[in-house]
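Engineer: Sharing a structure, written as structure tokens. Questions coming.
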Amino acid sequence: MTTYTYYQELVRPSWAPPAWLFGPVWTALYAIIIVSFGKVFWMAWHQEVPLMVAVPFALNLVFNLSYTWLQFGLRSNALASVDVVFVLGTLAWAMVAIWPYVRWVAYANVPYLVWVAFATVLQLTITFLNR
């Protein structure tokens with residue numbers, strides 16, 4: 001079963017976006033992530049920011065990349081719900097951590113933050129509806 005088919009079979013709220021929208025949105029967000037997170041990792045590598053500033057960015061990547069496997073590989077709404085909360089939390093932490101050093105990185109991630117906040121509410125709702 002494909003990811004699309006699995007998503008279509010879930011009970012979703014009426015305000016859930018169509019499955020086809022996720023690809024374009026995540027393509028744009030991953031471009032933002034590559035540039036902005038890359039800048040942070042580059043700066044941490046060159047000791048332009050403390051290594052601890054890069055930690056929430058690294059954790060965010062781990063949680064972000066784990067989501068698809070948890071939701072669509074394991075088909076676990078509960079684990080995906082926990083994971084997406086960690087994605088949101090580490091992103092907020094990352095934005096606060098980088099703010100004193102490179103504000104444009106924090107600003108650049110606002111669309112990612114908005115989408116993940118929406119995705120968190122959506123995932124928690126889907127988990128509740130499919131229990």
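The values are calculated or read from the model by the stated rules, or taken from the named source; none is laboratory data. Please read all numbers here as calculations on a predicted model, not as lab measurements. Every residue, glycine among them, receives a Cβ derived from its backbone with ideal geometry; neighbour counts consider all protein chains shown.
Engineer: With in contact with a Pro (Cβ under 9 Å, 6 or more places away or on another chain) and either aliphatic (A, V, I, L, M) or at pLDDT below 95 (or both) as the only criterion, which of VAL102, VAL96 stands out?
Structural biologist: On the way: VAL102 fails: in contact with a Pro (Cβ under 9 Å, 6 or more places away or on another chain).
Just a single option satisfies the conditions, and that option is VAL96.
Engineer: Quick one: count up the residues across the range 70-110 that are without any contact (Cβ under 8 Å) to a residue 12 or more places away in the chain and either in contact with a His (Cβ under 8 Å, 6 or more places away or on another chain) or not in a helix (DSSP H, G or I) (or both).
Structural biologist: Within the range 70-110, residues that are without any contact (Cβ under 8 Å) to a residue 12 or more places away in the chain and either in contact with a His (Cβ under 8 Å, 6 or more places away or on another chain) or not in a helix (DSSP H, G or I) (or both) number 4.
Engineer: A further question on this structure: Given (1) at pLDDT 95 or above; (2) under 30 Å from LEU129 (Cβ atoms); (3) not hydrophobic (A, V, I, L, M, F, W, C), identify the lone condition not met by GLY73.
Structural biologist: Every condition holds for GLY73 apart from (1).
Engineer: So in the range 1-41, with the set limited to residues that are of a type in the set (Ser, Thr, Tyr) and exposed (fewer than 15 other Cβ atoms within 10 Å of the Cβ), which one is nearest to the chain's Cα centre (by Cα)? Can you show your working first?
Structural biologist: The initial filter retains those residues of the range 1-41 that are of a type in the set (Ser, Thr, Tyr), namely 2-7, 14, 27, 30, 36.
Okay, now just the ones that are also exposed (fewer than 15 other Cβ atoms within 10 Å of the Cβ), so 2-6, 14, 27, 30.
Working: THR2: 21, THR3: 18, TYR4: 19, THR5: 22, TYR6: 20, SER14: 22, THR27: 12, TYR30: 9 Å.
Among those residues, the one meeting the criterion is TYR30.
Engineer: Right, next: Does TYR30 satisfy being part of a loop (DSSP other than H, G, I, E, B) and of a type in the set (Ser, Thr, Tyr)? Let's see the steps before the verdict.
Structural biologist: Details: part of a loop (DSSP other than H, G, I, E, B): no; of a type in the set (Ser, Thr, Tyr): yes.
Taking the combined requirement at face value, the residue does not satisfy it.
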